[in-house]
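Chemist: Quick one: the structure is below, questions incoming.
The values are calculated or read from the model by the stated rules, or taken from the named source; none is laboratory data. Just so we're clear, the structure is a prediction, and the values are computed from it rather than from any experiment. Heads up, the Cβs are rebuilt from the backbone with ideal geometry, glycines too, and the neighbour counts pull from every protein chain shown.
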Amino acid sequence: MNTQVTSYSRKVSKVKALPVTLLFLVWPFALLLTSLKSFNAPGAKKGFILFCAYFGFVFVISKDLGGADSARYARMLSDMHQLTPSFENLWASLYSYETSYVDIYQPLLTWIVSLFTANPHYLFAIFALVFGYFYANNLWIILDRLKGRINAINFIFILAFMLIIPIWYINGVRMYTAAQIFIYGALLFLYEDNRKGLIWAAGSILVHFSFLFPVALLLIYILLPKKLPLYLVFFIVTIFVSEVNLFTVRSNLSFLPEIFQDRVNSYTNDDYAYGIEKVAKEVVWYVSYSGIALKIALYSLLIFTIINSRRFIKKDKNLFFLLCFTLFFYGWANLAALVPSGGRFLSVANMLSVATLLFYYSKYRLNLPLKIVRIVTLPLIIFYCIFSIRVGFDFMGISTFIGNPIFALIFEDNTPLIEFVKSFL
C-alpha cells in the first residue's frame with residue numbers, strides 16, 4: 001500500500017501545472033476538460049472553479065417569473081439596483097415578516113452586486129464561483145482518494161457524483177449551494193476526521209434555513225451509538241414508508257422560531273402538496289423515472305456492500321462512520337421526501353452515498369456478488385446521468401462550449417441549448 005502511495009506521489013510531482021489563466025481567457029470549456037483529465041496537476045482544481053464562474057456568467061436565465069428561480073433572483077437584483085437600499089435596511093429585512101428573507105447568503109450577495117450593476121450575469125457568476133468552490137472541493141476529496149485508479153466504472157460513478165447537484169443547479173442557488181457546503185462539511189468531519197467540517201456544515205444554514213434539518217441530524221448522529229445493523233434496518237424500513245401526516249410534521253416543527261413558521265406552513269399545507277403532486281403527474285416520464293433509477297441503484301449497492309463487506313468496513317473507522325451516517329441521513333431523507341419539497345434532501349443523500357461507495361471501491365477488492373450488482377445497476381446510473389445533462393441544456397447555451405469571457409462581455413447568449421437540439425430533430 002505504501003509503495004502505491006509513493007509511486008502515485010512521484011507521478012503527481014512530475015505533472016506540470018496547467019496554464020489556467022490562458023485557457024480561461026481563450027477557451028474555458030477546454031480548461032474544464034483539462035482540469036478533470038489532469039486533476040492531480042497544480043492548478044487543476046482552480047481551473048475547475050474558474051470554469052464554474054464562467055458558466056455562471058453565461059448561464060441562461062429564464063424570463064419566466066413564474067418558472068425558474070433564476071428569473072426571480074434577476075428581478076430582485078434589478079429592483080435592488082433601482083431602489084439602492086442601505087445596508088442597515090437590508091440587515092433589518094433579514095428574518096423579518098415583511099420580506100420573508102429567512103436566509104442571509106442570497107439577499108446579501110444580491111445587494112452587494114446591486115451596488116455596481118443590474119446585470120444578472122455578474123450576480124450568477126459570483127453565485128457559481130461560490131458554488132463551484134465547494135463543488136470542486138467535494139469532487140477533489142474523491143479524486144485524491146482514488147489516487148489515479150479510475151477505471152470505466154469508477155468514471156461513471158464520478159460522473160454521477162458530479163451530476164446529482166451539478167453547476168446548473170445555481171438556478172436554485174440557495175438550496176443547492178447549501179447542499180454542497182453541507183456535504184463538504186460532512187465529508188471533512190466524518191471521513192477526514194477534521195472538526196472544521198462541523199463549522200462548514202453549520203454554515204449551510206445561513207444559505208438555506210432548511211439545512212437546520214441536516215445539521216441537526218449530523219449532531220444527533222454524533223451522540224448515537226455506531227451500530228451499523230441499526231442504521232441499515234432504519235434505512236430499509238424507510239424505503240417502504242409511503243405516507244406521512246403533514247399535520248404531524250407541522251406540529252413537530254413548532255419549536256422553530258416564529259419567523260420560520262410561515263415557510264414551514266407553506267411547505268406542509270395540503271394545497272401545496274396537491275399542487276406538487278399535480279405537477280409531478282404532468283412531467284415527462286423520464287423526469288420521475290430518472291430519480292427512481294438512481295435510488296434503486298444506490299439502495300442495491302449500499303445494501304449489498306454492507307452485506308458482503310461489513311468486516312472490512314468496520315475496520316476502517318472513517319469509512320465506517322461515513323457509511324453509518326449516510327444510512328441514517330438517507331433514511332430521514334426518504335421520510336422528508338414524503339413532504340412537499342422535502343425530496344430535495346435526497347440529492348444530499350445520493351451524493352453522500354456515491355462518495356461512500358467510491359471510497360470503498362478505491363480501497364478494497366470487490367467480491368463476485370458485489371461486482372455483479374455494480375454491473376447490473378450501471379445502466380440505471382447512466383440513465384440518470386443522461387437525464388441530468390438534459391436538464392442542464394435548459395440553462396446552458398452555445399457559448400458554454402465555444403465561448404470565452406471576452407466574447408461573453410460583448411455578446412449575450414441567452415438561448416438554451418435545448419432549443420438548438422430540438423431544431424435538428
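Chemist: Could we say that A179 is buried (at least 20 other Cβ atoms within 10 Å of the Cβ), without any contact (Cβ under 8 Å) to a residue 24 or more places away in the chain and hydrophobic (A, V, I, L, M, F, W, C) here?
Modeler: No; evaluated as a whole, the condition is false for this residue.
Chemist: Among V237, V215, V130, which is without any contact (Cβ under 8 Å) to a residue 60 or more places away in the chain, surrounded by fewer than 21 Cβ atoms within 10 Å (Cβ to Cβ) and part of a helix (DSSP H, G or I)?
Modeler: Step by step, each of V237, V215, V130 is checked, and only V215 is without any contact (Cβ under 8 Å) to a residue 60 or more places away in the chain, surrounded by fewer than 21 Cβ atoms within 10 Å (Cβ to Cβ) and part of a helix (DSSP H, G or I).
Chemist: Which of the residues spanning segment 318-362 are over 13 Å from I306 (Cα atoms) and free of Cβ contacts under 8 Å to residues at least 60 places away in the same chain?
Modeler: Scanning segment 318-362 gives A333, A337, G343, L346, A349.
Chemist: Consider Y191 carefully, then state whether it is of a type outside the set (K, R) and at pLDDT 95 or above.
Modeler: No, not satisfied.
Chemist: Looking at L212, L256, L230 in this structure, which one is out of contact with any strand residue (DSSP E or B) (no Cβ under 9 Å at 6 or more places or on another chain) and either under 15 Å from G342 (Cα atoms) or modelled with pLDDT of 95 or more (or both)?
Modeler: Exactly one of L212, L256, L230 is out of contact with any strand residue (DSSP E or B) (no Cβ under 9 Å at 6 or more places or on another chain) and either under 15 Å from G342 (Cα atoms) or modelled with pLDDT of 95 or more (or both), namely L212.
Chemist: Would you point out which residue out of P120, P107, P166 is in contact (Cβ under 8 Å) with a residue 60 or more places away in the chain, touching a Phe, Trp or Tyr at 6+ places or on another chain (Cβ under 9 Å), on the phi < 0 side of the Ramachandran plot and of a type outside the set (S, T, Y)?
Modeler: P166
Chemist: Residues of segment 1-37 being polar (S, T, N, Q) and either outside the structural domain of D144 (by TED's automatic domain parsing) or at pLDDT 90 or above (or both), which ones?
Modeler: Result: T34, S35.
Chemist: Does segment 141-150 contain at least one residue that is part of a helix (DSSP H, G or I), touching a residue at least 24 places away in the same chain (Cβ under 8 Å), touching a Phe, Trp or Tyr at 6+ places or on another chain (Cβ under 9 Å) and under 22 Å from L346 (Cβ atoms)?
Modeler: yes
Chemist: Test I170 against the stated conditions and say whether it is in a helix (DSSP H, G or I) and surrounded by fewer than 19 Cβ atoms within 10 Å (Cβ to Cβ).
Modeler: no
Chemist: If I ask for residues that are basic (K, R) and under 20 Å from I205 (Cβ atoms), which ones from segment 315-348 would you list?
Modeler: Passing the criteria: only R344.
Chemist: Might you let me know whether segment 354-363 holds any residue that is farther than 14 Å from F157 by Cα and either among the β-branched types (V, I, T) or assigned to a helix (DSSP H, G or I) (or both)?
Modeler: The answer is yes; a qualifying residue exists.
Chemist: Name the residue, out of N318, N367, that is over 21 Å from the mean Cα position of the chain (by Cα) and either assigned by TED's automatic domain parsing to the domain that holds L139 or more than 19 Å from D144 (Cβ to Cβ) (or both).
Modeler: Criteria check complete, one pass: N367.
Chemist: Mind checking whether some residue in segment 267-285 is at pLDDT 55 or above, surrounded by fewer than 16 Cβ atoms within 10 Å (Cβ to Cβ) and hydrophobic (A, V, I, L, M, F, W, C)?
Modeler: Within segment 267-285, not a single residue is at pLDDT 55 or above, surrounded by fewer than 16 Cβ atoms within 10 Å (Cβ to Cβ) and hydrophobic (A, V, I, L, M, F, W, C).
Chemist: Filter segment 164-182 down to the residues that are of a type in the set (A, V, I, L, M, F, W, C) and over 15 Å from L358 (Cα atoms) and list them by number.
Modeler: Listed by number, the residues that qualify are I165, I167, W168, I170, V173, M175, A178, A179, I181, F182.
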